[in-house]
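Here is the structure we will look at.
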Amino acid sequence: MNGHTRLTVGLVGALLAVFPWLQADAGTAGAPQEFKVRIENVSKEDTLKPSNGAKAPAAVAPGVWAVHQKSDLLFTAGKPDRGKGLEALAEDGNPSGLAESLTHDASVASSGVHNVPVGAAGPGPIGPGGAYEFLVTGQPGMQLSFAMMFGQSNDLFYAPGAEGIALFDESGKAIVGDITPRITLWDAGTEVNEEPGVGSNQAPRQSAPNTGPRENGVVRTIAEVRDGFKYPAVSEVLRITITPVQKMAR
């Protein structure tokens with residue numbers, strides 16, 4: 001092996017160590033895999049039972065998704081919102097700003113918005129029985145992240161952990177099935193919470209976007225919030241599944 005060959009082999013090895021998803025291109029792992037993600041609202045008309053005696057379903061607003069290689073893509077737990085669009089998504093169900101910021105992140109392989117319910121003619125939230133579906137493509141070493149607003153709140157959103165969900169297991173096998181248990185209800189820490197389904201500054205009742213008092217808090221799970229309100233379990237609102245669709249050609 002001459003010096004040039006040793007240098008080339010060494011460089012390739014170093015790149016694969018840092019960027020393991022490149023292994024598919026090097027022929028040491030499978031080709032890119034396409035997945036279908038389905039987000040279904042399984043809430044009922046009386047899932048929310050606020051203290052005023054009213055009952056309501058738990059609407060879910062449009063959101064963003066991204067396939068990426070780094071952790072903490074959308075947020076960092078225990079830290080303030082970064083001001084890149086998560087606030088508008090969590091407070092007003094508007095994913096456009098966060099979606100735009102993702103297009104400028106070098107660690108993002110692909111990203112998009114899920115905003116048109118299955119069977120609908122245009123964008124909108126999903127109520128009981130409604131669903132969003134979208135396709136993503138990934139390779140070993142890549143994670144999937146997504147986020148969408150819990151509609152009857154001031155600044156709550158559903159998302160996996162900050163690290164995202166690995167699209168392949170340690171053996172390189174594509175994941176499949178129900179990933180709902182891996183989803184958490186998060187508080188963005190940007191607006192003071194009101195009782196879900198009642199608050200006048202929540203999206204269904206506010207006079208204009210971004211109208212509630214600022215909280216100046218941090219992103220944290222709803223389990224860490226001590227606001228005295230009751231929130232439905234994730235499984236009472238969502239069922240999220242991921243299915244490998246097609247093995248793509250090299």
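The values are calculated or read from the model by the stated rules, or taken from the named source; none is laboratory data. The shown structure was predicted, so the numbers you read here are calculated from the model rather than taken from an experiment. With ideal geometry, Cβ positions are generated from the backbone for all residues, glycine too; neighbour counts draw on all protein chains shown. All accessible areas refer to the heavy atoms of the entire protein, side chains included, with ligands and DNA or RNA removed. Shrake-Rupley method; radii C 1.70, N 1.55, O 1.52, S 1.80 Å.
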**Message:** From zero outward in steps of 5 Å, how is the percent of C-alpha pairs of the range 166-206 spread across the bins?
**Reply:** 5, 16, 15, 14, 9, 10, 10, 10, 8, 2
**Asked** In nm, to one decimal, how far is the modelled label at Lys44 from the one at Glu170, with both set 7 Å along Cα→Cβ?
**Response** 4.1 nm
**Complete:** In whole percent, the fraction of accessible protein surface over the range 93-228 that belongs to carbon or sulfur atoms, probe radius 1.4 Å, stands at 52 percent
**Fill in**
Burial-style ranking of 148-154, 184-190, 80-86, average other-beta-carbon count within 10 Å with highest first, yields 148-154, 184-190, 80-86
**Request:** Grab the alpha carbons of the range 72-170, take their convex hull, and tell me the volume per residue in Å³.
**Result:** 121 Å³
**Fill in**
Dividing the alpha-carbon radius of gyration of the chain by 2.2 N^0.38 Å, where N counts its residues, gives 1.12
**Count, lysine Cα pairs under 28 Å in the chain, 8 or more residues apart or across chains** = 15
**Prompt:** Where the only charges are on Cβ atoms (+1 Lys, Arg; -1 Asp, Glu), what is the dipole of the chain about its Cα centre, to the nearest 20 debye?
**Reply:** 560 debye
**For the range 194-243: accessible area per residue (Å², 1.4 Å)** = 56 Å²
**Request:** Determine, for each peptide in 133-141, 191-199, the mean count of other beta carbons within 10 angstrom over its residues, then list the peptides with the highest first.
**Result:** 191-199, 133-141
**Request:** Calculate the spin-label point distance for Thr76 paired with Val192, positioning each point 7 Å from the Cα along the beta-carbon direction, and give it in nanometres.
**Result:** 2.8 nm
**Item:** Kirkwood hydrodynamic radius (C-alpha pairs) into Stokes-Einstein, the range 132-250, 20 °C and 1.002 mPa s, D in µm²/s
**Value:** 133 µm²/s
